[in-house]
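Just below is one structure, and these are the notes that go with it.
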Amino acid sequence: MKNHAAVAIVATTLTMLLASGCAVTRDQETVGAYIDDAAITTSVKARFVDNKDVAASSISVETLNGTVMLSGFAKSSTEKSTAESIARNVKGVRAVRNEIVVRP
């Protein structure tokens, strides 16, 4: 399963790079920062998919300069805190803004 996640991360990152034309957007200072943010986003999403306690399709992930913003809906406060914990443990994450709404 880990190999599948790694392949998905690489494929998604490459797709994002090709689609963007390596454009620097959203206030990143360099192309490197954009690539780092894309890799962080992809890694967080892949870990959500691998974790049975988090509904990956219900949570959005955005990264800007190493700060990850989580939004969307969770079924419980446990799912919300698990998603935040997963995001915090991804390499390169400087901070996490957890805007997930608990909706039973």
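The values are calculated or read from the model by the stated rules, or taken from the named source; none is laboratory data. Note that the structure is predicted; figures quoted are calculated from it, not measured. Methodologically, a virtual Cβ is constructed for each residue, glycine included, from the backbone with ideal geometry; neighbour enumeration extends over all protein chains shown.
Worth pointing out:
- Of all residues in region 91-102, those satisfying the criterion of being under 13 Å from the mean Cα position of the chain (by Cα) and of a type in the set (A, V, I, L, M, F, W, C) are 93, 95, 96.
- In region 54-90, the qualifying residues are those that are more than 11 Å from the chain's Cα centre (by Cα) and in a strand (DSSP E or B), and the one that is nearest to residue 43 (Cα to Cα) is 72.
- Against the test of being farther than 17 Å from residue 37 by Cβ and either surrounded by 15 or more Cβ atoms within 10 Å (Cβ to Cβ) or among the hydroxyl-bearing types (Ser, Thr, Tyr) (or both), the options 80, 52, 75 yield a single qualifying residue, 80.
- When every residue of region 33-48 is checked against the conditions, none turns out to be surrounded by fewer than 17 Cβ atoms within 10 Å (Cβ to Cβ), at pLDDT 95 or above, under 15 Å from the mean Cα position of the chain (by Cα) and not β-branched (Val, Ile, Thr).
- Scan of region 91-104 for residues that are in a strand (DSSP E or B) and aliphatic (A, V, I, L, M), ordered by number: 95, 96, 100, 101, 102
- Boolean, residue 69 is touching an Asp or Glu at 6+ places or on another chain (Cβ under 8 Å) and either among the acidic types (Asp, Glu) or modelled with pLDDT under 80 (or both): no
- Any chance residue 101 is of a type outside the set (Asp, Glu) and either within 19 Å of residue 9 (Cβ to Cβ) or free of Cβ contacts under 8 Å to residues at least 24 places away in the same chain (or both): no
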